[in-house]
Amino acid sequence: MTPPVRILLTGQPAAGKTTVVWRFIDVLRGAGVAPAGFVTEEVRVEGQRVGFVAEDLTSGMRARIADAGLTGSPRVGRYRVDVAAFDSVAMPALSVVRPQDVLVIDEIARMELLSEAFVARLDQLLAAPVRLVATVHAVAHPITDRIIAMPGLRLVTVTPDNRDGLPAQLASWLGVSPTEGRR
């Protein structure tokens, strides 16, 4: 049995990692493949980033996971992270992942790594036979350093030069054809 393809997207902030992920999701859905997992997005008010939300790709459930105005929760940069809100979206999104699924995780970074439940589930998923596309921050961290060093993972750096072609390339690498989910 061929091991599943697992791809980690990394790059500098604003390189377009999440944009690549959303376009990849569009490619999957266009091929009739419903991705599992979750994505995170910025929350902007009057052009200023004020926080982040996470969205379960299967249920559409969303929760604000970080906000500059929160108090009493762990701080990452200028944001306070609501770990319970993150877990309320991420854990159900990652609870049932089958070998035929394409798992999307956007992202694996300091905010998400505050969740012990997420880190434990991530380890389980990385040991399971599932196709994976995940974004990972480009800074050193013991957990992401360990993940990046795992055998069988392909690390791809997203840049302004390659980001437009990456969604289709990711689908190709994962063996997603335009008719995969339409059987």
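The values are calculated or read from the model by the stated rules, or taken from the named source; none is laboratory data. No experiment lies behind these values; they were computed from the predicted model shown. For neighbour counting, all protein chains shown are included, and Cβ atoms are generated from backbone atoms with ideal geometry for every residue, glycine included.
Of note:
- Out of Val119, Val158, Val133, one residue alone is within 20 Å of Val33 (Cα to Cα) and either surrounded by fewer than 19 Cβ atoms within 10 Å (Cβ to Cβ) or within 15 Å of the chain's Cα centre (by Cα) (or both). It is Val133.
- Residue in the stretch 71-87 that is at pLDDT below 95, surrounded by 12 or more Cβ atoms within 10 Å (Cβ to Cβ), within 22 Å of Gly165 (Cα to Cα) and out of contact with any Pro (no Cβ under 7 Å at 6 or more places or on another chain) present: no
- Only residues that are under 21 Å from Ala14 (Cβ atoms) and of a type outside the set (Asp, Glu) were counted across the stretch 107-156, and they come to 18.
- Taken over the stretch 93-106, the criterion of being farther than 16 Å from Arg146 by Cβ and either crowded, with 22+ Cβ neighbours inside 10 Å or touching a Pro at 6+ places or on another chain (Cβ under 9 Å) (or both) is satisfied by Ala93, Pro99, Asp101, Val102, Leu103, Val104, Asp106.
- Of the residues making up the stretch 15-34, those that are buried (at least 21 other Cβ atoms within 10 Å of the Cβ) and under 13 Å from the mean Cα position of the chain (by Cα) are Lys17, Val20, Val21, Phe24, Ile25.
- Residue check, Ala90 closer than 26 Å to Ala149 by Cα, crowded, with 21+ Cβ neighbours inside 10 Å, touching a strand residue (DSSP E or B) at 6+ places or on another chain (Cβ under 7 Å) and among the hydrophobic types (A, V, I, L, M, F, W, C): yes
- Pairs where the first residue, in the stretch 119-131, is within 18 Å of Gly175 (Cα to Cα) and assigned to a helix (DSSP H, G or I) and the second is of a type outside the set (A, V, I, L, M, F, W, C) and modelled with pLDDT of 95 or more, C-beta under 7 Å, 6+ apart: none
- For first residues located in the stretch 44-56 and more than 16 Å from Gly77 (Cα to Cα), partners that are among the hydroxyl-bearing types (Ser, Thr, Tyr) and assigned to a strand (DSSP E or B) and lie 6+ apart or on another chain with Cβ distances below 6 Å form the pairs Ala54/Thr40.
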